[in-house]
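Each reported figure results from applying straightforward, stated rules to the coordinates on display, with no laboratory input. Just so you know, these numbers come straight off a predicted model, no measurement behind them. FYI the Cβ positions are ideal-geometry reconstructions off the backbone, even for glycines, and counts take in every protein chain you see.
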Amino acid sequence: GGMLALAVLLLLLAAGPGRAAAGPGRDALREELLLSPLPNGDVAATFQFRTRWDADLPRGAVSHYRLFPKALGQLVAALGVRELHLTLTQGFWRTQAWGQPPLQAPSGAELWVWFQPTVTDVDKAWKELSNILSGIFCASLNFIDATNTVTPTASFKPLGLANGTDHDLLRYAVLPREVVCTENLTPWKKLLPCGSKAGLAVLLKAERLFHSSYHSQAVHIRPICRDASCLAVSWELRQTLTVVFDTFSSGQGKKDWSLFKMFSRTLTDACPLASQSKVYVDISPKNKEKELLEVTPPPTSVYEATVQGDKRTYAVYDLLSPSLFNTSRSLNVQFKWKRPEDSSEMPIPILHAQRYVSGYGLQTGEISTLIYNTHPYRAFPVILLETVPWYLRLYVHTLTIITKGKENKPSYIHYQPAQDRRRPHLLEMLIQLPANSNTKISIQFERALLKWTEYPPDPNHGFYVSSSVLSALVPSITAMKDVDVEESPLFTSLFPSADGSSYFVRLYTEPLLVNLPTPDFSMPYNVICLTCTVVAVCYGSFYNLLTRTFHVEEPSRGGLAKRLANIIRKFRGVPPL
Amino acid sequence: AAQFQLSVPVAVVFAPGSLPRDPLRPLPFRDVREMEIPVNVRTSVTSRYEMLYRSTTAQEEAALDAATAREAVAALHPLQDAALGSLTMYVVPETSPLLPQGINAYVGKHRSALVRAAGTLPALRSRLQQLTQVMSFTASSITAALSDRVPDGQPGPDARRNLKSSLGYEITFSLLNPDPKSHDVHWAIEDAVTRYVQPVLDKLSLVANFSVDSQILYYAVLGVTPRYDKESSSFLLSAHSLPHVINPVEARLGSSAASLYPVLNFLLYIPERSHSPLYIQDKDGAPVSTNAFHSPRWGGIVVYNVEAPASPQASLPLHVDVDMARVMEVFLAQLRLLFGLSREELPPEFLLESPGNEGLADWELDRLLWAHTVENIATVATTLTSLAQLLDKIGNIVIKDDVASEVYRAVASAQSAMDKLATGHLHSAFQASKEAATSSERAFFDPSLLHLLYFPDDQKFAIYVPLFLPMAVPILLSLAKIIRETRQKKKEPTKVD
């Protein structure tokens, strides 16, 4: 009896509810959590929820939604969006200490959208889109306007299906000042079919997520091939969330961690709508010879793959596998180091970058970007995208790119100068990075004086310059196999891989904070007060002079001053007054 | 002060042998009757019934020979004036077999009715008037339409029930499945929309634009925990707790991102396994037969109980296919209620033909148009009045040319709508009122007319306080001195005496 029931259960789970809905408009949900210990001891948790819908959205005919959120579907259909990428990030991914990020995003809000070729007025659609998104996600995306929007020509290629890449259909904007908090997380969670009621999303507890070194949530919508023949289009919505927990400081000096310690929750079930629900834990051995770490409970399986040019091993917990919850009702993945790790060397990522502002005073300055290629023998090109607000006037003739002491001529430059109050500077360059080198790119600028109404609240805080973007195909150390996107884990399948020998990396540098000459905003009022007081005093004395009647007064014994003067005169031996 | 005059052209056609004993004049003749509908002090509505009395033509006579009223009305339909708002009443003899016993009027699904002849003209007139009001507008329907827009109007008991007039509506059907672990619910919404909803909306497309969509929400729970009733071993949701049901659900529904039209929500709620079966109780504690309720101006909710499986060991989740015909019947009834088209408060001697698949008779559409036209004009009046108030408040506000032209257009369209109403051209009146509403809204919500863009005068004064205050000190001091001196002068003579 028990065996039979189990068999029935197994059968049911194999044909989970996500796959049961056959016919047109089929949709499926996959959820995934990737836990990876970072080189310096922190832990990164990357959630991915992927809704795939086999329907043609932009036709407008489809208006019946099941797993795909209606709000986003209507937006895509109404505004002719082909691809939408929105990230909201708090904190900065420290590439040097944490290694290559699975999905990096610039701090603040980043939005880039490819529109359909049928959209006639792209700027209007872009404006409308950013306003609606700001309503959906409670973010200040409505501050996206012509002064911070650019149309890159090389950096942001469509990630999904695309025929023809006319750059006029692309818009890109970053709001580095945007602060991400709970009010942005709640609408994001609401888009998940299971909300935060079941599945991996139960771990998404705001108070823990924002008690972290890095928090980045994203929404990616793109068209993908429905099957291998690619005759029909499906739409994919990926909701990703990356958090980095500082386990070292919260774990009393130990680098051990568990789901409960990080999220103060454990997993009890998979989202019943998901056709796949997995937890991956990165257990790649650092040194080949000895196993240092231990995960409990024992994983359902072990998955090996080449991710970002590195061979990696993952412990996999399949939440849909009934054996997982046999022994205990909840899953609390625990990670232990067997003996204190000798914190000797941290692996240096092949590509990383830094950026800073130099110079003194409030008139001129210099933006310098340092790009490192630590690959021992391979050179590769990188596309650098800089967007600088108009109030920093770039001197393009001062642009210098120096590698190993010699000037490095970029093979492609696209520069769009700023127009005051109309559009920002856009600088795109394709730079060849020689093996084992660092490249310094510097450009000087002058600070503009703003009108007094253009200063934001708290102008002395400074003005943000958004991160510059590095896109590169980084040569892989170990060869990668071509994998089927539908079968491989989600964390490997957002960016299309070109071939087996290299992998795509997009890096963001630090956002910059630049001080502009800021006037004393209380000065006008001070001037008004001062002049008014002077005028009033003059007026008062004139008034008194004109209205008082004067008459001669009989000399009296005199006041205090006179008596004092007489005392002094007495001492001096002079006759009193 | 708005003076509405609503004219309804009515053709009264006498079948042979139905003429009252005391006709005013020989047929055909015209007769106009006016009626005042009191709304409030500033608004008055005059309804004007333009009756054209005539006798039947040969064709109409042949059509009236049909066996049943239904067939007769159907045969008469191609012979009538098809204009919106105009009505045709066929007076049949008192002994006519077309109308069943005790029924005095039969209202067809288009714009015509059969009326049983009354002996005298006044008796017939009162019957005709009652019928005309049913088929066009009543005092209460007009007052309800005006209640929101006209300042200090007294809202009636059901004044706030009907939807506000708008250029478009979004209809959203949502399936709420709070327990996807136990219920795997499927609904053939696409098919149900084309089969049941689309015919109604095609009919209503004259009134507004409609868009329909649907979604499925999982883990969406009602805000109220139902009470367990041991007797019936079911869960009960009492009427007084229903207001608390909607709010938590509303947060999940999500507003429509791409349009600004009001949303009508129709929710199908599948209770959790641990809370089913779930029944809604009315105020008296009796179960509601439809197991549904509606919220004015918001939408409706239907609770759909899933039958418990025969064997408790049945595997979960249960596959549930929703019976869409049953659900859509309730939703369409709720849709009619939301538009204020209930058929309840009719006199018992009136028989209405069922509107069939379209869900809406032509004269019901007219009723909607009458009410919405009046409401639109009233909206335009209030919008422009508040715009004028704003301009009065800020003297130096800048009115751009396009805003001015929108205001002129709104006034002209509203005027033309009033004229068209007075002459009985309902369709063009409604179109004009829609244009007027659009123009006035566009003028009112123009970004250049933002109140905050203008520097308020009281703050200007605050800036000059540092000037005025020290200047006031010597003036006030000398004033005080003058007062003191005059007082002393008054006192001094009494001292001398």
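The table below gives the values:
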{"read-out": "Under the Karplus curve 6.51 cos²θ - 1.76 cosθ + 1.60, θ = phi - 60°, whole-Hz ³J(HN,Hα) for the stretch B:360-367, x wherever Gly or Pro sits", "value": "7, 7, 4, 6, 5, 4, 4, 3"}
{"read-out": "When the stretch B:456-496 is reduced to its Cα atoms, the Kirkwood hydrodynamic radius in Å", "value": "12.6"}
{"read-out": "The stretch B:193-275: GluC sites (Glu not before Pro) in DSSP loop, at most 11 other beta carbons within 10 Å", "value": "B:231"}
{"read-out": "Proximal charge balance of residue B:94 [Cβ under 13 Å; K/R count +1, D/E count -1]", "value": "+3"}
{"read-out": "Using alpha carbons only: equivalent-ellipsoid semi-axes of the protein assembly as shown, gyration tensor based, whole Å", "value": "63, 55, 29"}
{"read-out": "The stretch B:338-497: relative contact order as a whole-number percent, Cα under 8 Å and 6+ apart", "value": "24"}
{"read-out": "Environment charge of residue A:350, counting only residues whose C-beta is closer than 11 Å and scoring Lys/Arg +1, Asp/Glu -1", "value": "0"}
{"read-out": "Unsatisfied cross-links (Cα-Cα over 29 Å) in the set B:283/B:434; A:157/A:440; B:393/B:420; A:127/A:189", "value": "B:283/B:434; B:393/B:420"}
{"read-out": "Distance between modelled label sites at residue A:186 and residue B:274, nm, 7 Å Cα→Cβ extension", "value": "2.5"}
{"read-out": "Residue A:460-residue B:140 pseudo-label distance in nm [points 7 Å out on the Cα-to-Cβ vector]", "value": "6.8"}
{"read-out": "Residues of type lysines that residue B:489 reaches as a straight line, Cα spacing below 28 Å, ignoring anything fewer than 8 places off in the same chain", "value": "B:481"}
{"read-out": "Partnerless Cys - chain A, beta-carbon criterion under 4.7 Å", "value": "A:138, A:181, A:529, A:532, A:538"}
{"read-out": "HN-Hα J in Hz across the stretch A:100-115 - Karplus 6.51, -1.76, 1.60, θ = phi - 60°, x for Gly and Pro", "value": "5, x, x, 8, 9, 8, x, 5, x, 10, 10, 9, 9, 9, 9, 9"}
{"read-out": "³J(HN,Hα), Karplus 6.51/-1.76/1.60, whole Hz, each residue of the stretch A:145-162, x for Gly, Pro", "value": "9, 4, 6, 10, 9, 10, 10, x, 9, 10, 6, 10, 7, x, 8, x, 4, 7"}
{"read-out": "Mean Kyte hydropathy of -0.5 or more with a Cα span along the axis of at least 15 Å, helices from DSSP in chain A", "value": "A:2-14, A:122-137, A:523-547, A:560-572"}
{"read-out": "Size of chain A as Cα extents on the principal axes (Å, biggest first)", "value": "130, 58, 56"}
{"read-out": "Ranked A:230, A:138, criterion: other C-beta atoms within 10 Å, fewest first", "value": "A:230, A:138"}
{"read-out": "Cα→Cβ-extended label distance, 7 Å offset, between residue B:445 and residue B:190, nm", "value": "3.3"}
{"read-out": "Helical mean residue ellipticity (222 nm; -39500 (n - 2.57) per DSSP H run of 4+; nearest 500) of the protein assembly as shown", "value": "-8500 deg cm²/dmol"}
{"read-out": "Likely footprinting exposure, B:428, B:182, B:274, fewest C-beta neighbours within 10 Å first", "value": "B:274, B:428, B:182"}
{"read-out": "Amide H partners (placed H, <5 Å) of residue A:502, local residues excluded", "value": "A:476"}
{"read-out": "Mean-position separation - Cα centroids, the stretch B:448-493 and the stretch B:189-224, in angstrom", "value": "65"}
{"read-out": "When the stretch A:138-217 is reduced to its Cα atoms, the Kirkwood hydrodynamic radius in Å", "value": "15.6"}
{"read-out": "Residues B:35, A:262 arranged by fewest to most Cβ contacts within 10 Å", "value": "B:35, A:262"}
{"read-out": "Tensor-based shape of the stretch B:362-449 (alpha-carbon gyration tensor, a/c under 1.5 rounded, otherwise prolate or oblate)", "value": "prolate"}
{"read-out": "5 angstrom amide H check on residue A:379, placed H, neighbours 5+ away", "value": "A:435"}
{"read-out": "Built amide H within the under 5 Å cut-off of residue B:183, gap 5+", "value": "B:318"}
{"read-out": "Debye log10 I(q)/I(0) at q = 0.19 Å⁻¹ for the stretch A:351-475, Cα point scatterers", "value": "-1.06"}
{"read-out": "Largest-first ellipsoid semi-axes for chain B, taking √(5λ) over the Cα gyration tensor eigenvalues, angstrom", "value": "53, 40, 22"}
{"read-out": "Under 11 Å, Cβ to Cβ, from residue B:262 - net charge with Lys/Arg +1 and Asp/Glu -1", "value": "+1"}
